[in-house]
Amino acid sequence: MSNKEGEPIVRTYSLWRSLAAKPGGTLLFSAAMSLRVPYFRTVLPHVRDLRPGRCEVSAPKWWGVHNHIGTFHAIAACNLAEIAMGMLAEATVPPTHRWLPKGMSVDYPAKARTGLTAVAELAVLPEFGEEGTEVPVPVTIRDKAGEVVVSGTITIWVTRKK
């Protein structure tokens, strides 16, 4: 269902809160998210935690994310980072505002040989007013052993809806 502007009536974070505590709810939420944003499907994401200022999402290592040396492809890892940032933004930015990614900087300190977990987290929740604001969202991606394999910042531009 959509409102007259074509936006979904059920906000992402509301859907998460209604599903997360139910058996299989986080998987159902992740599947619904992947239907709404189809390119996220490529990493088979599983949103594990979502709240204002924080999102944790994991992805298995499977042949669809392999690079030429059999590790988790760098850009697939960036896709995972964008999922974590986007879900954080959905849970943090009020419905009176909208957000758009503006830029991304990443470092790859280690090879990603396993499935990965991305955490996007804001130390302090920003206030959103009348003026547009840039919000840098730090994202850290770790392998199954806890080693950081990707770290970066995705900057979003937040403005009041017209």
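Tabulated data for the structure shown
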read-out	value
Any chance VAL43 is under 14 Å from VAL139 (Cβ atoms), of a type outside the set (Asp, Glu) and open to solvent by less than 10 Å² (accessible area, probe 1.4 Å)	yes
Filtered residues of segment 42-68 (kept if among the aliphatic types (A, V, I, L, M) and either closer than 20 Å to THR153 by Cβ or without any contact (Cβ under 8 Å) to a residue 40 or more places away in the chain (or both))	VAL43, LEU44, LEU50, VAL57, ALA59, VAL65
Meets criteria (aromatic (Phe, Trp, Tyr) and buried (at least 19 other Cβ atoms within 10 Å of the Cβ)) for PHE72	yes
Residues that are without any contact (Cβ under 8 Å) to a residue 60 or more places away in the chain and more than 30 Å from LYS61 (Cβ to Cβ), drawn from segment 125-162	PRO126, GLU127, PHE128, GLY129, GLU130, GLU131, GLY132, THR133, GLU134, VAL135, TRP157, LYS162
Those residues of segment 105-148 which are aliphatic (A, V, I, L, M), farther than 24 Å from ARG160 by Cα and surrounded by fewer than 16 Cβ atoms within 10 Å (Cβ to Cβ), in sequence order	ALA110, ALA145, VAL148
Residues being in a helix (DSSP H, G or I), under 11 Å from the mean Cα position of the chain (by Cα) and charged (D, E, K, R) - total across segment 32-86	1
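The values are calculated or read from the model by the stated rules, or taken from the named source; none is laboratory data. On a predicted model such as this, the values are computed, not experimentally measured, just so you know. Quick reminder, even Gly has a Cβ in these numbers, built from the backbone with ideal geometry, and neighbours come from all protein chains shown. Please note that ligands, DNA and RNA were not included when accessible areas were found on the heavy atoms of the full protein model with its side chains. Shrake-Rupley method; radii C 1.70, N 1.55, O 1.52, S 1.80 Å.
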